[in-house]
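Read the figures in this text as sums done on the coordinates, not as results from a lab. None of the values given here were measured: they were computed from a predicted structure. Reconstructed Cβ throughout: ideal geometry from the backbone, glycine too, with neighbour counts over all protein chains shown.
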Amino acid sequence: MVNDTIAAISTPLGEGGIGIIRLSGPDAIKIASKIFKPKKNINLESQKSHTLHLGHIKKNRTLLDEVLVSIMKAPHSYTKEDVVEINCHSGVLVLRSILELALRHGARAAQPGEFTKRAFLNGRIDLSQAESVIDLIRSMSSKGLRLAAQQLSGRLSIKIKDLRAELLDLLARIEALLNFPEDGVDSMSTNSILSSVKKMQKKIESLIDTADQGEIFRHGVRTVIVGKPNVGKSSLLNTLMEEERAIVTDIPGTTRDTVEGVIYIQGLSFILIDTAGLQPVSNIVEKIGIARSKKKILEADLILFMLDASTKIDSNDKRLFELVKGRHAVALLNKIDLPSKTKISDIRKLVPKGMILKISAKEEIGTDELKNTMFDTILSKFKHRQSSVCINMRHKESLLDAQRSLDHIVYTMTRTKLTEEFVSLDLKSALDSLGQITGEIVNNEVLDRIFSKFCIGK
């Protein structure tokens, strides 16, 4: 619990219809009443919670703005503290002037994410729900938005709490057996303990499997367009983006660095990355561009491997295929509007499995089918394990730690002669790991790292 009152601008700076200054803490209403002059003769501190009041903000005798002040009294607010929101006309000067007044009368400038941090510290939300707030703000697709909203409602929290309850139940039974053997507590067989542990392992593993899905839904599909020089990569980027994002010429090597853009397909965002043509070069600038292209390939969720229908497959194409082999890739035979020198059967020798599409990036032939294929290719990764609960990378590390503790229990009970005391220690370790997800077990360093990602005012 904290005892001071914080204030911040909670809307983006710039011209707009409304700007909001938010205060939270024990003196929020008291500070607001010092700078707000209501049109009706009322005492702001005596007003009911969740009421709205019209009046003016004045600095000394100078009118700054006509505003609406909303009051939300503890514990029925976002932070479970007294909260005041001053709704004024948006503009950098007026917002900063009102904030400075609040600070002058006793508030402290809020740190990034401090309102949400207080909501966590005061028990309104747990840590996984707090993290979903930033996911909600930064959502790059409708699927990511829906996922963040589900996490905010507590779906992941419920699953983690259920797992911890099962672990606690098993731990309590083992501890009772160890501490009170004379009280006639029923003993537990090795098979009974192993059966319980293995059931929990499966549940944890199913959550771990959602991590990649969660990353893609939250941050978008990193889609790298690769191919030898002048194969039409930049033309494809421009066509998919429906704008001239990359320079297109007949001169090979025009693209010397990666060029990025974002498109949305059926509610999922695809971050398109046009790479430098991969070929042996001596120019130092081109070498740097190619090195970056190779790095992007390794980081890609999806690869669009382009070949030129108007030329024969050569050593550059074969070298490229070796780079993308085994990845989620779609082979594209481009420039089908020109006389063809390459057939699908030729490509099939390079790509024995997987999708091959015939397109013309310049003439926009086959691009609708390509978009559908991109979407289907990514969704196929999660065909058997789509979930409304998707963990992030921090959650994944904690779940992996819990999984390792349970693995050690299985090893202890099947390969060694160690007693239940060691099983008890591993169960406690698994409990701590799961507690880090919801914040029941967490240190200040982790909290600072999580909430530093938030904007000031949230």
Give the total of Lys-Lys pairs in region 39-197 with Cα-Cα distances below 24 Å; include a pair only if its members are 8 or more places apart or on different chains.
18
For the chain, rounded, prolate or oblate, judged on the Cα gyration tensor with a ≥ b ≥ c (square roots of eigenvalues), a/c < 1.5 rounded, else prolate if a/b > b/c?
oblate
For the chain the mean separation of alpha carbon contacts under 8 Å (6+ apart) over residue count, i.e. relative contact order in percent, is 16
Let me make sure I get this right: for region 44-150, a, b and c are the square roots of the gyration tensor eigenvalues over alpha carbons, sorted descending. Under 1.5 in a/c it's rounded, otherwise prolate if a/b > b/c, else oblate. Which is it?
prolate
Please get the size of the charge dipole for the chain, origin at its Cα centre, with Cβ charges of +1 on Lys and Arg and -1 on Asp and Glu, quoted in debye to the nearest 20.
760
Enumerate the helices in the chain for which the Kyte-Doolittle hydropathy averages -1.0 or more and the C-alpha atoms extend at least 24 Å along the helix's axis, using complete DSSP H runs.
155-179, 190-208, 393-415, 420-438
